[in-house]
Structure formats: structure tokens, C-alpha cells
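Right, one structure below, let's go through it.
The values are calculated or read from the model by the stated rules, or taken from the named source; none is laboratory data. In this text, all values refer to a predicted model and were calculated from it rather than measured experimentally. Cβ sites come from the backbone with ideal geometry, for glycine too, and all protein chains shown count toward neighbours. Note: areas computed on protein heavy atoms with side chains; ligands, DNA, RNA excluded. Shrake-Rupley method; radii C 1.70, N 1.55, O 1.52, S 1.80 Å.
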Amino acid sequence: MYKVVFFDVDGTLFSEIDRSMPLSTLEAINKLIDKGIKVVVATGRSYNLCEELIAIGIDTIISANGALVKCNDETIYKSVLTTETVREITDFATLNGHGISYFTERYSMNGIGSDNERIMSALKETLSLTEYPEKMSSLTEQVYGMCLYADDSEAQKFIDKFPALKFKRWHGYVMSIFEETEASKSNAIKQVLEHFNISRSEAIAFGDGGNDSEMLEYVGLGIAMGNAEEELKQKADFVTKKASEDGISYALKKFGVI
């Protein structure tokens with residue numbers, strides 16, 4: 001019996017076409033909650049970009065690709081970057097004219113790249129953002145994660161400059177930046193399962209992107225959306241219909257969860 005379902009957001013809960021939530025998906029979430037099955041969001045979004053999901057009754061949020069986990073107002077897990085790392089990356093990005101994003105409980109950037117088509121396209125594809133985020137106001141806040149907006153050739157100078165840091169690509173123009181401890185959706189799921197005393201075999205996960213790969217492999221049943229990247233589909237236990245074609249509801253019914 002499955003006790004928890006983890007959902008990516010953009011391209012999974014939200015349609016890959018217009019980033020709206022299909023009615024069938026909302027109904028499926030309500031059925032899960034009514035049956036006492038835990039519903040958890042696992043997203044690359046910052047916590048404040050999940051308000052719409054909290055409003056429909058989802059109380060446990062894995063945000064910033066696993067760097068911050070909250071249940072209601074309780075923080076279950078967080079991975080915080082050192083102020084030194086945040087400042088050094090920010091200074092180097094400013095020097096070289098690269099966009100950097102910061103995950104606190106909000107999502108902000110360093111003020112570079114609002115006129116860069118690749119950055120704006122990546123923001124829309126990964127976070128459904130159509131406007132450039134606000135500029136980070138203070139580098140003394142707790143920063144749970146950072147992303148570098150760059151292709152492989154552009155990112156190489158950062159990799160060479162900061163050999164002690166890890167740079168992990170999860171989008172064609174976006175890389176997560178980590179210190180020794182690497183935040184991930186799969187590690188965050190582990191924290192959630194331990195918190196609620198649920199085993200991996202009792203968990204389902206849905207996703208569509210490269211940052212969902214480890215998550216789908218970690219749980220008992222990993223489901224890729226029909227609109228998912230081909231590599232993710234190969235790793236999934238099951239490939240459902242597209243998010244825009246009622247893929248969430250279809251898979252949950254197929255496996256007798258709702």
C-alpha cells in the first residue's frame with residue numbers, strides 16, 4: 001500500500017503547455033488527501049513560489065531542488081551554503097557578467113541577465129517565470145541553494161575557479177552549485193520518509209525533468225510524465241500520459257491508488 005506521493009511541479013502537476021493545473025490533477029490530489037495518503041511537492045522552485053500548492057492543501061514542500069523541506073511552518077531539513085561561498089560566487093559572476101539565482105525562502109537573482117534570452121527562456125521552462133526575479137537584497141540571508149545560468153563552455157571558468165565546489169547541470173542553461181553536501185530531491189525525500197516513518201517501498205514519485213531522475217529511482221514506484229525527457233523515461237518504472245492529458249490521474253488510477 002502506498003502512503004505518500006511526491007510530485008514535481010512544472011511539467012508534472014502543471015501542464016507542460018500553459019503551466020496550469022488540469023482539473024483532473026486537482027481532483028486526484030484531493031482524493032489522495034481524503035484517503036489519508038501524504039502528498040508532497042518536490043520542486044526546483046523556491047518556497048514562496050509554492051503558495052498556490054499550499055492553498056490546495058499540500059502541507060509538505062521540498063523546495064530549491066531538495067535544499068529546504070518544510071511541513072507547515074516546521075523545517076524538516078535544510079542545506080545552507082556558507083556566506084563566503086555565496087559572496088565569492090556572486091563576485092565572480094558579476095565580474096564575468098553571468099546570472100546567478102539564490103534560493104532563500106524566496107527566489108531572487110543577482111540582477112544580471114534580464115535582457116538575456118537564454119536566461120529568460122530557462123526561467124520560463126524551469127520555474128514558469130515570465131518576468132526577471134527581484135534582485136537579492138542581502139547576501140547575509142541564509143541561502144539554501146544557488147544556480148548558475150550558463151552553458152558548458154561558459155560554466156567552465158566557474159568550475160576552474162572553484163574546484164572545491166560541485167556544479168551539477170539539470171537544464172541546458174542552468175547548473176546547481178553545491179558545497180561538500182549536495183542537496184537533491186532524493187535526499188530530501190529520504191528526510192521526509194524518515195520524518196513520517198514511511199518506507200521507500202510505500203512511496204510514489206512523479207516527474208518530468210533531469211532533476212527528477214534520482215527521485216524516481218529512489219522511491220518504490222517512479223513515474224515519468226509523457227512529456228518527460230527521454231532519459232528520464234528510460235529510468236522510470238512507468239511512463240504515464242502527458243501532464244496536459246491527465247497523466248497524473250491516469251497513473252494513480254492505473255495503480256489503484258485513487
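Figures for the structure shown
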| quantity | calculated |
| --- | --- |
| Partners for LYS38 among aspartates and glutamates (Cα-Cα distance below 17 Å; same-chain residues under 8 apart left out) | ASP8, GLU27, ASP59, ASP73, GLU74, GLU194, GLU202 |
| Low-density loop cleavage sites - GluC sites (Glu not before Pro) in segment 107-180, where at most 10 other Cβ are within 10 Å (DSSP) | GLU131, GLU180 |
| Point-to-point label distance, ALA55-ASP91, nm (Cα→Cβ direction, 7 Å offset) | 4.2 nm |
| Solvent-accessible heavy-atom area per residue, rounded to whole Å², over segment 83-179 at 1.4 Å | 48 Å² |
| Estimated distance in nm for a label pair at THR82 and LYS168, the labels positioned 7 Å out from Cα along Cα-to-Cβ | 2.0 nm |
| 3J(HN,Hα) from dihedral phi, segment 221-226, Karplus parametrisation 6.51/-1.76/1.60, rounded to Hz, x for glycine, proline | 9, x, 10, 9, 6, x |
| Cα shape, segment 1-147, gyration tensor, a/c 1.5 rule | oblate |
| Euclidean distance of C-alpha centroids, segment 1-52 and segment 167-206, integer Å | 16 Å |
| The chain - percent of accessible surface contributed by carbon and sulfur, probe 1.4 Å | 46 percent |
| Overall form of segment 81-163 per C-alpha gyration tensor (a/c, 1.5; a/b vs b/c) | oblate |
| Projected label distance in nm at LYS235 and THR140, using a 7 Å step from Cα toward the beta-carbon | 4.0 nm |
| Angle in degrees between helix 83-96 and the longest Cα principal axis of the chain, rounded to the nearest 10 | 70 degrees |
| For segment 116-126, 3J(HN,Hα) per residue [Karplus equation, 6.51 cos²θ - 1.76 cosθ + 1.60, θ = phi - 60°, Hz, x = Gly/Pro] | 9, 4, 5, 5, 5, 5, 5, 4, 5, 5, 9 |
| Helix 152-161 vs. the chain, principal-axis angle (Cα, 0 to 90°, nearest 10) | 60 degrees |
| Distance violations [Cα-Cα > 29 Å] among LYS78/LYS254; LYS3/LYS235; LYS135/LYS241 | LYS78/LYS254; LYS135/LYS241 |
| DSSP-assigned coil residues among trypsin sites (Lys or Arg not before Pro) in segment 18-55, each with at most 13 further Cβ atoms within 10 Å | LYS35 |
| The chain pair-distance distribution - Cα-Cα, 5 Å bins, rounded % | 1, 6, 14, 18, 20, 16, 11, 7, 4, 1, 0 |
| For segment 232-247, 3J(HN,Hα) per residue [Karplus equation, 6.51 cos²θ - 1.76 cosθ + 1.60, θ = phi - 60°, Hz, x = Gly/Pro] | 5, 4, 5, 8, 6, 6, 8, 10, 8, 6, 5, 4, 6, 10, 6, x |
| Dipole of segment 83-179 [Lys/Arg +1, Asp/Glu -1 at C-beta], most positive-end residue of GLN156, LEU95, MET109 | GLN156 |
| Low-density loop positions, trypsin sites (Lys or Arg not before Pro), segment 179-258 - DSSP coil, at most 13 other Cβ in 10 Å | none |
| Long-range HN-HN contacts of SER108 with modeled amide H, under 5 Å | TYR102 |
| Relative contact order (percent, whole number), the chain, Cα cutoff 8 Å, 6+ residue spacing | 22 percent |
| Mean ellipticity per residue at 222 nm, deg cm²/dmol - from DSSP H runs of n ≥ 4 across the chain, formula -39500 (n - 2.57) | -9500 deg cm²/dmol |
